[in-house]
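One structure is given below, encoded as structure tokens.
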Amino acid sequence: QLYPPYLLRTLPLTDDVILQRRLWVGVQAREDDSTSKSAHIANRISIAHRLQKPKLISDMCAFKAANPGAVFQDFINWYGNPGNPLEDYEDETSLSKPPSSMDDASEAIQIIMAIRSFWSDCWDEAEPCPASEQKPLYDALSSVEMLLQAFESMHPAHLMNQVLSVNLAMANFLLRSAAEPVRNVRMVEATLSRLEKKTEQALEKLGKDMTEGTLPGTRKNMKHDDELPPDLYISPETVAACESVCDHIGDTEIILSRATSLLSKMPGEYDLVHELLARQEGDVFHLNSYEGRSGILKTIRKQQQTNSGREDFGINDLPFPSVREYILRNRDEKSPCQLTVRIGGTHGLEDGGNNSTMGGLVLAINKCIKD
């Protein structure tokens with residue numbers, strides 16, 4: 001019986017680290033290079049194994065500590081068969097090409113033999129040691145030094161790529177946190193799901209632009225990065241995806257503010273709030289729920305109490321209008337016209353006074369068309 005051990009966490013792979021490792025491992029042999037293709041493959045495999053070795057040795061040590069007397073085949077049965085380490089650093093175009101010649105077959109055999117030898121040597125080198133007693137794989141100090149060096153040598157376009165990725169992810173996180181009180185509204189949950197999907201698509205495209213750099217073959221033909229056109233650092237599809245996320249962020253903020261306002265006036269009426277949010281402005285729908293109708297009427301009454309300043313506001317009292325409109329027409333049949341007057345914000349006129357503390361006045365005169 002085998003016991004699965006606790007393992008150390010893998011190193012966090014950021015976009016710049018992936019790009020750096022791809023440059024190390026994913027370099028193909030040039031046509032005019034005197035070095036043989038077999039030697040290039042062996043060199044690439046050696047680099048990939050050096051990157052893979054610390055984690056593999058750590059896992060083997062932990063497995064031996066949890067399973068004394070286990071053999072190499074036991075570890076393979078639990079850990080899984082080793083894969084091609086070069087595939088982790090190749091682009092989608094390279095992975096999609098099937099083997100087409102004897103050279104490809106011999107290359108695959110060479111990789112398999114190198115992997116078997118590497119894993120067998122690591123198993124012999126590993127000593128039983130639980131993960132709790134091992135040295136952490138992640139070195140924070142050296143990672144910070146590498147990060148500062150990367151910032152100093154990073155192109156401004158790549159830096160803005162990373163800043164935009166962080167901002168989009170943080171905006172999605174903040175909106176989800178702010179929507180917690182209104183998550184039971186179906187419209188809110190659907191809006192957050194759309195935003196999360198759009199954000200994931202934009203982050204995937206930003207990461208792809210960061211790791212791939214520019215269009216294939218363009219950067220290799222230029223001496224300096226400054227000679228590259230600006231649009232090569234980010235694809236038009238990525239720009240469109242980021243713009244779509246920004247639009248959805250604005251729509252989500254509006255939905256959250258409306259849902260929060262409606263639920264504060266009608267607590268617990270999640271279905272009613274969903275119906276109100278889902279309909280366009282001016283649409284009419286019927287309320288079949290007594291609680292919903294009562295909630296709306298109570299909200300209107302409470303608002304009228306606030307406007308009038310009266311606590312004894314009767315249920316039969318007519319509400320005070322927020323806007324008053326008057327239309328004055330002349331009686332001249334030869335030159336008919338009318339004057340439209342709109343008075344808004346009648347605070348202060350509720351008790352028969354003549355002093356409005358807030359509001360405005362709109363006058364409009366126009367000629368009437370006689371039928």
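Bear in mind these aren't lab numbers, they're just calculated from the coordinates by the rules spelled out. From a predicted model like this one, the values you see are computed outputs, not experimental measurements. Note that we place each Cβ from the backbone using ideal geometry, even for glycine, and neighbour counts take in every protein chain shown.
Summary of values
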| quantity | calculated |
| --- | --- |
| Sequence ranges 38-48, 130-140, ranked by mean other-Cβ count within 10 angstrom, highest first | 38-48, 130-140 |
| Net length gained if the chain between I327 and L174 were fully extended (0.36 nm per residue, minus Cα distance) | 50.1 nm |
| Inter-site label distance for I109 and I254 at 7 Å from Cα along Cβ, in nm | 6.6 nm |
| Among M154, A140, V188 the positive-end extreme of the charge dipole of segment 112-199 (Cβ point charges) | V188 |
